[in-house]
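Read the structure below first, then the notes.
The values are calculated or read from the model by the stated rules, or taken from the named source; none is laboratory data. Just so we're clear, the structure is a prediction, and the values are computed from it rather than from any experiment. Every residue, glycine among them, receives a Cβ derived from its backbone with ideal geometry; neighbour counts consider all protein chains shown. Just the protein is used for accessible areas: all its heavy atoms, side chains included, with ligands, DNA and RNA removed. Shrake-Rupley method; radii C 1.70, N 1.55, O 1.52, S 1.80 Å.
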Amino acid sequence: MKTFLVILVLAAAGYWGYRHGYIKLDWFGGSGGTASAPGNPPAESLEQALNRGLPRMVSNDISADRAVANNLLVTFNYRFVDLDQYAVAQRYGSTLPAELQGTLIRDLCGNRAVREQVLARGRDVVLQIRAQDGRTMFTTQLRPGGC
């Protein structure tokens, strides 16, 4: 009876760890539901392709931190490196300046994965620009054909 309870507790702990991302199937040689031919590496997901090379500086003030992609939405998170919400509001006001928006659009259009895997398939990209303290200050979109 004790053995059964120990196995049950370990199974529950393993399931909880898997569901919360602490345990990955790749650690045990499992493919995680994606089939790949022997000798071929598994295909890179869209989110992994978009996050390759991030974080990186876009300009003197802005850093591209990460991209989040799912079946419905692609979001890029940018951050003001040295400005908190009050400094951003003083410098830029309540609207995103055109030259700053143009810099961010050029940054995304220069990314091959964005052009080929997102915009070419007719999906929009949401850009969120946050202050240093994490508060979202501006949000804008890049639509297909916007490059």
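Once Rg and the Kirkwood radius are both taken over the C-alpha atoms of the chain, their ratio Rg/Rh works out to 1.14. Averaging the Cα positions of each part gives two centres, and for the stretch 8-30 and the stretch 72-147 these lie 36 Å apart. Here the chain has 54 percent of its accessible surface on carbon and sulfur atoms, given a 1.4 Å probe and all protein chains in place. For Arg135 and Glu99, the FRET efficiency from 1/(1 + (r/R0)^6), where r spans their Cβ atoms and R0 equals 22 Å, is about 0.50. In this structure the amide hydrogen of Val81, modeled in the peptide plane, comes within under 5 Å of the amide hydrogens of Ile62, Ser63, none closer than 5 places in sequence on its chain. Each Lys or Arg adds one and each Asp or Glu takes one away; over the other residues whose Cβ falls under 10 Å from the Cβ of Asn77, this sums to +2.
A straight chain from Phe28 to Arg121 at 0.36 nm per residue would run longer than the Cα-Cα distance by 30.0 nm.
The angle between the Cα long axis of helix 2-19 and the longest principal axis of the Cα atoms of the chain comes to about 20 degrees, rounded to the nearest 10. Rolling a 1.4 Å probe over the protein heavy atoms gives the chain an accessible area of 68 Å² per residue. Of the two radii for the stretch 64-134, the radius of gyration is 1.01 times the Kirkwood radius, both from the alpha carbons; that is the Rg over Rh value. When the helices of the chain are scored as -39500 (n - 2.57) per DSSP H run of n ≥ 4 and the total is divided over every residue, the value at 222 nm lands at -9000 deg cm²/dmol.
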